[in-house]
1. Say whether the condition of being surrounded by fewer than 22 Cβ atoms within 10 Å (Cβ to Cβ), more than 25 Å from residue 44 (Cα to Cα) and among the basic types (Lys, Arg) is met by at least one residue in region 97-120.
2. Yes or no: residue 92 in the same structural domain as residue 277 (by TED's automatic domain parsing), touching a residue at least 60 places away in the same chain (Cβ under 8 Å) and surrounded by fewer than 20 Cβ atoms within 10 Å (Cβ to Cβ)?
3. Look through region 60-83, keep the residues that are assigned to a strand (DSSP E or B) and modelled with pLDDT of 95 or more, and return whichever of them is surrounded by the fewest Cβ atoms within 10 Å (Cβ to Cβ).
4. Could you list, in sequence order, the residues of region 112-132 that are within 28 Å of residue 61 (Cα to Cα) and either of a type in the set (A, V, I, L, M) or touching a strand residue (DSSP E or B) at 6+ places or on another chain (Cβ under 8 Å) (or both)?
5. Name the single residue, out of those in region 273-294 being of a type outside the set (A, V, I, L, M, F, W, C) and assigned to a helix (DSSP H, G or I), that is modelled with the lowest pLDDT.
6. Being in contact with a Gly (Cβ under 6 Å, 6 or more places away or on another chain) and either over 23 Å from residue 242 (Cα atoms) or surrounded by fewer than 17 Cβ atoms within 10 Å (Cβ to Cβ) (or both) is the filter here; which residues of region 1-37 pass it?
7. Collect the residues in region 126-167 that are in a loop (DSSP other than H, G, I, E, B) and within 16 Å of residue 115 (Cβ to Cβ), keeping them in residue-number order.
8. If we only count strands (runs of 3 or more DSSP E) wholly inside region 187-264, which ones have 2 or more residues that are touching a residue at least 40 places away in the same chain (Cβ under 8 Å)?
Amino acid sequence: MTETVYDVIIIGGGPAGLTAALYTSRAKLKTLVLDKSSTAGAMAYASLIENYPGIEKPLPGKDLLEIFRKQASHFGAEIVEAQVIGGSFAGEVKEVFTMTAGYKGKAVIVATGSMGRKASIKGEAEFLGRGVSYCAICDAAFFKDRTVCVLGDSEEAVKEAGVLTRFAATTYLISPSQKLKVPDDHPALSIPNLKVILGRSVTAIEGGDTVERVRLKDSQGAEDVIDLEGVFVYLWGSKPVTDFLQGALETSEEECVVTSARMETSLPGVFAAGDVTCTEVRQVIIAAANGAMAALSAEKHIFGKKKIKYDWHK
């Protein structure tokens, strides 16, 4: 585990997290952003955004997100692509754990968005941990020389399928849509043991003690079966992404992180911003505003100030 103690660790690299990073790094706070994927998240999936103040013409969401990322990096924020799997948030110094490292910080801002989903495929919940997984990087090694599938059509799904090909004998990428959300020349698509199936939805995951097969259906109702031993789900919904918190923070019945008007959570030094708090209006500008407030509150907490400092420009 690294012994560096950051001032602020931000979990999530969407508009809320990157705006928070812009504010904290500009305030000369040592800032770390842990971002699962630069291509995941609601904003990255948006085809065009034209109602964000300051942009002169419509931009793909991923392009506007890249501007956010460059601004935060310009002021010194360190951005690491890593999936957070847990943490210890109660102490004065917080700890955040990824698959490959642990990080310490004086304050944490949770900005993981709300693209999670409840298990919705027949057998998905039943076989979780017994062949069903939501993290290829975490579990790929368990499927060495076996047959697996990835469900999804996003760039994240394609990238994770590429990871699995290094371990599994055969990896199926099963997309519910007729076209993947990546260029046709994406490197992963040329890997010999990756087989892409378009326009099919998995209706059931079946097996005995572990996964043994999946059932597919196309738009015409035709069914098929594939024998395999692992299912990696990269479909998304609108559920707050809070599983890694493991109950550490107060959440609502809808699993939203509960915050004050200043983005303070139930634990001192831990803040939350953006869609993970289930804001009534889910827009980029609202998430960015939340991120700014969380950053200001984190700065206040770190230095024990009575009032928020609103600007550091000289």
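1. Looking through region 97-120, at least one residue is surrounded by fewer than 22 Cβ atoms within 10 Å (Cβ to Cβ), more than 25 Å from residue 44 (Cα to Cα) and among the basic types (Lys, Arg).
2. Yes, satisfied.
3. By that ranking, first place goes to 80.
4. Listed by number, the residues that qualify are 112, 114, 115, 116, 117, 118, 119.
5. Once the filter is applied, the top-ranked residue is 275.
6. Hits for region 1-37 are 1, 25.
7. Within region 126-167, 134, 135, 152, 153, 154 meet the criteria.
8. 200-207, 211-218, 223-227, 230-233
The values are calculated or read from the model by the stated rules, or taken from the named source; none is laboratory data. Because the structure is a prediction, the values reported are computed rather than measured. Cβ: placed from backbone, ideal geometry, glycine included. Neighbour counts: every protein chain shown.
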